[in-house]
Amino acid sequence: MPRAFLIVMDSVGIGGALDAGDFGSATGTDAGSNTLGHIAQACAAGRADVGRSGPLHMPHLDALGLGAAVKLASGLDAPNLNAAPRGRWGAGNEISRGKDTPSGHWELAGVPVPWDWAYFPDKTPAFDDDLVALVCRLAGTGGILGNCHASGVPIIAAHGAEHLRTGWPICYTSADSVFQIAAHEGAFGLDRLLKLCADLAPHLHARKVGRVIARPFVGEVGHFQRTSNRRDYAIAPPKATLLDWAQAQGHVTHAIGKIGDIFSMRGIDHLHKATSDAGLFDHLDALIDTAEDGALVFANFVEFDSLYGHPRDVAGYARALEWFDARVGAFLPRLRAGDIAIFTADHGNDPSWHGTEHTRERVPVLVAGAGLGEIGQCAFVDVAASIAAHLGLAQRGFGRSFL
């Protein structure tokens, strides 16, 4: 039986979203953002020569059609991404009214978000008094710190000392529908932080806030460092997804990385986690040999987004892309006859753009194992429909197969 590998390069957008001007922040809209295109331009211009040098080098994904997908999505000729495609390639368009992790992944799995997410206002304080009181009651503290829009590393640096002194959790949000809580693993306690987030999540999910995220850190004042024990408590998908369809029809499902959190473990038989994208790719390499006939493997590689997109680190993002492409080059020849691997993304996060948030973009849709040719413009839900068709599933959702 054929197998399917759905591989999400978190935030690797390719520009061109028609509604990008409707998204953004106080510093401007997302119109014109292009994560991959602008990284390629920066590399070609010598503006990303930290830990690497020269034009962006991604020959394996480019051979599947990566550069062609950038051109299709945005009209940009990405420097050094100009291979003649030897795979199936296209550009994915999202209809959900968001540029966040759950929206992108759910829609790739066949379920567009049927509601408008709740967001917190970009002001200080960002959270209403009732929510603050609830957090304090659940945490057993006299207050919270932060209470604003912020990026994770700077807010820990700003409030870490007071957190150690008072024991109050550091609470913040972003342009996404999210409530984040940072706390010191030793002083506050990791288990206590995870319980606080788990207890708070149902209250915020009822308000259509998409995720509560635990952001543990360690270290001393001036030397704080976030750990790999992050945990997302995401609202459950509103209906059955590709994972549920496959599991219900007897196909074994494997989730790599934060897929388990994003889908609240629904439809997942086996979860594979690691402390880095390198460790996650080790799981993917193992599964190419061991995944069962008919298996669905759904992977997320988060560090493009978390380590380089939000901090607006162009050179770091380029390094990560080149590392990933090298791993892909060793992975692809090991696909069995009948297998397919689809490489895509859930949104953009242009590290050359203003602000620190995700950017509304189209995403690449690159298929290995399904012959050659242009897919064209497709919908996120078409990814789920195509995998369902490949695996012979009865359910196809709202999409159409491009295979």
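Yes/no matrix, rows are residues, columns are (1) at negative phi; (2) surrounded by fewer than 19 Cβ atoms within 10 Å (Cβ to Cβ); (3) not in a helix (DSSP H, G or I):
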site: Ala255; (1), (2), (3): yes, no, yes
site: Phe281; (1), (2), (3): yes, no, no
site: Ala286; (1), (2), (3): yes, yes, no
site: Ala320; (1), (2), (3): yes, no, no
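Collect the residues in the range 324-362 that are out of contact with any helix residue (DSSP H, G or I) (no Cβ under 8 Å at 6 or more places or on another chain) and closer than 26 Å to Arg47 by Cβ, keeping them in residue-number order.
Listed by number, the residues that qualify are His354, Gly355, Thr356, Glu357.
Given the condition crowded, with 24+ Cβ neighbours inside 10 Å and in contact with an Asp or Glu (Cβ under 8 Å, 6 or more places away or on another chain), answer yes or no: does some residue in the range 82-89 qualify?
yes
Looking only at the range 99-111, which residues are out of contact with any Leu (no Cβ under 8 Å at 6 or more places or on another chain) and at pLDDT 95 or above?
Scanning the range 99-111 gives Gly104, His105, Trp106, Glu107, Val111.
Does Arg396 qualify as being without any contact (Cβ under 8 Å) to a residue 60 or more places away in the chain, surrounded by fewer than 24 Cβ atoms within 10 Å (Cβ to Cβ) and either in a loop (DSSP other than H, G, I, E, B) or more than 14 Å from the chain's Cα centre (by Cα) (or both)?
Taking the combined requirement at face value, the residue does not satisfy it.
Pairs only if they're at least six apart or on different chains, beta carbon under 6 angstrom, first in the range 162-174 and aromatic (Phe, Trp, Tyr), second modelled with pLDDT under 95; list them, first residue then second.
So the pair list comes out as Tyr172/Ala150.
Quick check: is even one residue across the range 366-382 under 22 Å from Glu303 (Cα atoms), assigned to a helix (DSSP H, G or I) and either of a type in the set (Asp, Glu) or in contact with a Leu (Cβ under 7 Å, 6 or more places away or on another chain) (or both)?
Yes: one or more hits.
Quickly run through the range 125-167 and pick out the residues that are modelled with pLDDT under 95 and either surrounded by fewer than 20 Cβ atoms within 10 Å (Cβ to Cβ) or out of contact with any strand residue (DSSP E or B) (no Cβ under 9 Å at 6 or more places or on another chain) (or both).
Within the range 125-167, Ser151, Val153, Pro154 qualify.
Give the range 8-32 a look and list any residue that's surrounded by fewer than 24 Cβ atoms within 10 Å (Cβ to Cβ) and of a type in the set (Val, Ile, Thr), or say none.
Thr27, Thr29
Select from the range 339-365 the residues that are of a type in the set (S, T, N, Q) and assigned to a loop (DSSP other than H, G, I, E, B) and write down the one among them that is surrounded by the fewest Cβ atoms within 10 Å (Cβ to Cβ).
Ser352
Take the conditions surrounded by fewer than 22 Cβ atoms within 10 Å (Cβ to Cβ), at pLDDT below 95, within 23 Å of Phe301 (Cα to Cα) and within 20 Å of the chain's Cα centre (by Cα) and apply them to Ser96. Does it pass?
The answer is yes for Ser96.
Please return the ranges of strands (runs of 3 or more DSSP E) entirely within the range 176-252 where 1 or more residues are surrounded by fewer than 21 Cβ atoms within 10 Å (Cβ to Cβ) and among the hydrophobic types (A, V, I, L, M, F, W, C).
Fully inside the range 176-252 and qualifying: 211-218.
Across the range 33-80, what is the number of residues that are surrounded by fewer than 16 Cβ atoms within 10 Å (Cβ to Cβ) and polar (S, T, N, Q)?
Looking only at that region, the number is 1.
I want to confirm something. Restricting to the range 294-314 and keeping residues that are of a type in the set (Gly, Ala, Ser) and not in a helix (DSSP H, G or I), which single residue is farthest from Trp245 (Cα to Cα)?
Ala299
Conditions tested, residue by residue: (1) within 21 Å of Pro85 (Cα to Cα); (2) out of contact with any Leu (no Cβ under 8 Å at 6 or more places or on another chain); (3) among the aliphatic types (A, V, I, L, M); (4) modelled with pLDDT under 95.
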{"position": "Ala20", "(1), (2), (3), (4)": "no, yes, yes, no"}
{"position": "Gly28", "(1), (2), (3), (4)": "no, yes, no, yes"}
{"position": "Ala31", "(1), (2), (3), (4)": "no, yes, yes, no"}
{"position": "Asn34", "(1), (2), (3), (4)": "yes, no, no, no"}
{"position": "Gly37", "(1), (2), (3), (4)": "yes, no, no, no"}
{"position": "Ala40", "(1), (2), (3), (4)": "yes, no, yes, no"}
{"position": "Ala45", "(1), (2), (3), (4)": "no, yes, yes, no"}
{"position": "Gly54", "(1), (2), (3), (4)": "no, yes, no, no"}
{"position": "Leu61", "(1), (2), (3), (4)": "yes, no, yes, no"}
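Of everything in the range 11-47, what is acidic (Asp, Glu) and out of contact with any strand residue (DSSP E or B) (no Cβ under 6 Å at 6 or more places or on another chain)? Give them in sequence order.
Asp19, Asp22
Out of curiosity, is Pro114 touching a Pro at 6+ places or on another chain (Cβ under 6 Å), under 30 Å from Val363 (Cβ atoms) and surrounded by fewer than 23 Cβ atoms within 10 Å (Cβ to Cβ)?
So Pro114 fits the description; yes.
The values are calculated or read from the model by the stated rules, or taken from the named source; none is laboratory data. Predicted model, so just to flag it, every value in this text is computed and none were measured. Counting neighbours? That spans all protein chains shown, and the Cβs are built from the backbone with ideal geometry, glycine included.
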